[in-house]
Amino acid sequence: MKNNFKDIFHHEYESHYLSPARINLIGEHIDYNGGKVLPAAISLNIEAWVRKNDEHVFRFYSSNMPKIYIHELDNIKYDKENDWTNYPLGMIHTLRNNGYIIDQGLDIFYSSTIPTASGLSSSASLLDLTACILNNEFNLGLSREEIALYAKESENKFNGLACGIMDQAAISLGKKNHAVLIDTSKFDFNNQEYEYHNINLNDYTFVVMSTNKPRKLVESKYNERVDECNLALKLINDYYHLNYHNLCEIELNKLDEIKSFLPSLLYKRVKHVLTENKRVYDFIDSLKNNDIINLGKILNESDLSLKNDYEVTGLHLDTLTQASRLQPSCIGSRMTGAGFGGCAIALIKKDQFEDFKNKVIDIYQNKTNIVPSIYEVDIVDGVRKL
Ligand code: GLA
């Protein structure tokens with residue numbers, strides 16, 4: 001990618017970094033319920049060019065929104081006026097708060113090919129990227145796992161989204177041609193359990209479909225879903241006099257009984273969480289057996305559950321996934337990420353991409369008057385210095 005760092009900051013840059021976006025293959029809305037999730041880093045990304053300055057000032061510029069933001073290092077706080085720079089600011093603040101020494105400013109030029117607010121984790125990518133920059137420029141000694149954990153802390157506390165660890169970990173731990181299975185009940189500063197799974201799809205490939213209907217997660221019902229799950233967990237523990245730590249610890253065969261005492265809305269949320277958790281295990285089995293057709297089937301089941309029980313899809317995502325399933329080249333599709341607009345993924349025959357793309361664009365555009373974006377993506381390595 002090209003940059004005009006020198007025109008903006010009047011110096012040459014000294015270092016260059018890259019951070020990918022992510023898709024989630026399976027395990028949706030269960031990373032804050034102690035479930036296992038299976039995301040992968042993809043070949044849409046944010047790049048950054050960096051130079052240390054001799055001041056106590058951070059200067060941020062993005063080619064996507066041309067404006068220079070200047071922030072005093074010792075006066076960092078959340079402010080709506082800061083726009084997207086609240087993410088890098090949050091990262092600096094979080095690391096300093098945790099005792100890491102950042103005592104000098106940086107000039108940073110960002111440039112992104114990730115559609116913003118689209119469900120591909122542009123915010124986690126920006127957080128991980130900034131953490132990786134700070135780690136290298138100030139020799140902080142952070143591991144990849146710590147980068148993910150501090151980035152999550154920053155998004156939770158500075159930006160106010162009660163998200164789980166999935167996005168930050170997917171982007172930090174990403175590995176070419178592999179998805180990473182993260183056990184979110186065992187991913188904290190003391191211990192991290194995750195494993196890589198090779199994604200070999202024979203004649204098939206994953207494509208990303210963006211509704212191009214942006215949404216802000218903090219303003220969405222995301223935090224409401226988190227609260228509903230927490231309340232359901234409390235009511236279930238009260239009923240059984242047990243102490244489940246998270247919803248995914250609950251046995252699937254308890255669902256019928258749970259239905260008898262939980263308010264119906266909360267029951268639907270729990271049903272999604274428990275069945276989705278099971279689908280992750282089934283998906284891994286199918287990957288191991290190279291049963292690509294079954295992967296497609298699981299994607300469809302997950303989407304239905306997210307639509308009917310978890311209620312996070314909506315007209316735009318539903319139109320896109322339904323249009324994709326009408327194509328003979330597609331064996332499964334589902335929304336990916338948080339939902340409420342954003343993106344979906346589809347598993348399709350590789351050699352029919354162009355035809356698939358044109359037909360889905362037609363159907364979606366006719367119904368919504370919006371042109372969607374459809375990308376062929378590769379699975380790539382995580383955040384890094386180039
Ligand atoms: C967003 C959050 C993640 C995860 C997904 C839904 O991307 O940042 O932590 O909860 O939604 O699976």
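Listed here are the residues, each with its yes/no results for (1) in contact with a Gly (Cβ under 8 Å, 6 or more places away or on another chain); (2) among the β-branched types (Val, Ile, Thr).
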residue	(1), (2)
Met166	yes, no
Gly174	yes, no
Ala179	no, no
Glu228	no, no
Leu247	yes, no
Leu252	no, no
Val273	yes, yes
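Keeping to the stretch 153-200, report how many residues are within 13 Å of the ligand (Cβ to nearest atom) and in a strand (DSSP E or B).
Going through the stretch 153-200 one residue at a time, the tally reaches 3.
Name the single residue, out of those in the stretch 119-152 being more than 20 Å from Ile165 (Cβ to Cβ) and part of a loop (DSSP other than H, G, I, E, B), that is farthest from the ligand (Cβ to nearest atom).
Step by step, filter the stretch 119-152, then rank; the result is Asn139.
Report yes if Leu129 is under 23 Å from Gly337 (Cβ atoms) and either of a type in the set (A, V, I, L, M) or more than 20 Å from the chain's Cα centre (by Cα) (or both), otherwise no. Lay out the reasoning, then the answer.
On the way: under 23 Å from Gly337 (Cβ atoms): yes; either of a type in the set (A, V, I, L, M) or more than 20 Å from the chain's Cα centre (by Cα) (or both): yes.
Yes.
Condition check ((1) closer than 20 Å to Tyr32 by Cβ; (2) open to solvent by 20 Å² or more (accessible area, probe 1.4 Å)) across all residues:
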position	(1), (2)
Val226	yes, no
Asn230	yes, yes
His241	no, yes
Leu247	yes, no
Leu252	yes, yes
Ile258	yes, no
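Go through the stretch 263-304 and give me each residue that's open to solvent by 10 Å² or more (accessible area, probe 1.4 Å) and hydroxyl-bearing (Ser, Thr, Tyr).
Ser264, Tyr267, Thr275, Tyr281 - these are the residues of the stretch 263-304 that are open to solvent by 10 Å² or more (accessible area, probe 1.4 Å) and hydroxyl-bearing (Ser, Thr, Tyr).
Of (1) in contact (Cβ under 8 Å) with a residue 60 or more places away in the chain; (2) more than 15 Å from Thr205 (Cα to Cα); (3) open to solvent by less than 20 Å² (accessible area, probe 1.4 Å); (4) touching a strand residue (DSSP E or B) at 6+ places or on another chain (Cβ under 8 Å), Arg384 satisfies all except one. Which?
(3)
Would you pick out the residues in the stretch 362-386 that are farther than 13 Å from Ser210 by Cα and acidic (Asp, Glu)?
Within the stretch 362-386, Asp362, Asp378, Asp381 meet the criteria.
Among the residues of the stretch 7-41 satisfying the criterion of being aromatic (Phe, Trp, Tyr) and more than 10 Å from the ligand (Cβ to nearest atom), which is nearest to Leu134 (Cα to Cα)? Working first, answer last.
We begin by selecting, within the stretch 7-41, every residue aromatic (Phe, Trp, Tyr); these are 9, 13, 17, 32.
Then keep just the ones that are more than 10 Å from the ligand (Cβ to nearest atom); that gives 9, 13, 17.
Values: Phe9: 19, Tyr13: 15, Tyr17: 11 Å.
Residue satisfying both the conditions and the ranking: Tyr17.
Find all pairs meeting these conditions: Cβ atoms under 7 angstrom apart; at least six residues apart or on different chains; first residue within the stretch 243-261 and free of Cβ contacts under 8 Å to residues at least 60 places away in the same chain; second residue open to solvent by less than 20 Å² (accessible area, probe 1.4 Å) and hydrophobic (A, V, I, L, M, F, W, C).
From residues that are free of Cβ contacts under 8 Å to residues at least 60 places away in the same chain, the pairs are Tyr244/Ile236; Tyr244/Ile250; Ile250/Ile236; Ile250/Leu274; Leu252/Leu274; Leu255/Leu274; Ile258/Ile236; Ile258/Val270.
Considering only residues that are closer than 13 Å to Ile284 by Cβ and of a type in the set (Val, Ile, Thr), which ones fall in the stretch 182-207?
Here is the first cut: in the stretch 182-207, the ones closer than 13 Å to Ile284 by Cβ are 182-183, 194-199.
Matches in the stretch 182-207: Ile182, Ile199.
Filter the stretch 1-56 for residues that are in a strand (DSSP E or B), of a type in the set (D, E, K, R) and out of contact with any His (no Cβ under 8 Å at 6 or more places or on another chain) and give the result.
Arg22, Lys36, Lys52
Of all residues in the stretch 327-337 being more than 13 Å from the ligand (Cβ to nearest atom) and closer than 15 Å to Glu28 by Cβ, which is surrounded by the most Cβ atoms within 10 Å (Cβ to Cβ)? Explain how you work it out, then say what you get.
Here is the first cut: in the stretch 327-337, the ones more than 13 Å from the ligand (Cβ to nearest atom) are 327-333.
Restricting the remaining residues to those that are closer than 15 Å to Glu28 by Cβ gives 332-333.
Values: Gly332: 24, Ser333: 27.
That would be Ser333.
Run Ser63 past the list (1) buried (at least 22 other Cβ atoms within 10 Å of the Cβ); (2) under 29 Å from Asp103 (Cα atoms) and report the number of the one that doesn't hold.
Exception for Ser63: condition (1).
Please indicate, with yes or no, whether at least one residue in the stretch 338-358 is within 30 Å of Arg269 (Cα to Cα), open to solvent by 10 Å² or more (accessible area, probe 1.4 Å), among the β-branched types (Val, Ile, Thr) and in contact (Cβ under 8 Å) with a residue 40 or more places away in the chain.
No, every residue in the stretch 338-358 fails to be within 30 Å of Arg269 (Cα to Cα), open to solvent by 10 Å² or more (accessible area, probe 1.4 Å), among the β-branched types (Val, Ile, Thr) and in contact (Cβ under 8 Å) with a residue 40 or more places away in the chain.
Of the conditions (1) within 22 Å of Leu38 (Cα to Cα); (2) out of contact with any Asp or Glu (no Cβ under 8 Å at 6 or more places or on another chain), Gly160 fails just one. Which one is it?
The one condition Gly160 does not meet is (1).
Which members of the stretch 201-220 meet the condition of being at pLDDT 90 or above and either more than 16 Å from the ligand (Cβ to nearest atom) or among the polar types (S, T, N, Q) (or both)? So that I can check it myself, show each step before the final result.
Looking only at the stretch 201-220, we keep the residues that are at pLDDT 90 or above, and these are 201, 203-212.
Correct list: Leu201, Asp203, Tyr204, Thr205, Phe206, Val207, Met209, Ser210, Thr211, Asn212.
Any idea which residue in the stretch 115-135 is modelled with the highest pLDDT, counting only those that are aliphatic (A, V, I, L, M) and open to solvent by 10 Å² or more (accessible area, probe 1.4 Å)?
Step one: filter the stretch 115-135 for residues aliphatic (A, V, I, L, M), giving 117, 120, 124, 126-127, 129, 131, 133-134.
Filter once more, keeping what is open to solvent by 10 Å² or more (accessible area, probe 1.4 Å): 117, 126.
Numbers: Ala117: 75, Leu126: 97.
Across the stretch 115-135, the extreme among qualifying residues is Leu126.
The values are calculated or read from the model by the stated rules, or taken from the named source; none is laboratory data. If you're wondering where the values come from, they're calculated on a predicted model, not measured in any experiment. All Cβ positions, even for glycine, are placed from backbone atoms using ideal geometry, and neighbour counts span all protein chains on display. Surface accessibility is based on the protein's heavy atoms, side chains included, excluding ligands, DNA and RNA. Shrake-Rupley method; radii C 1.70, N 1.55, O 1.52, S 1.80 Å.
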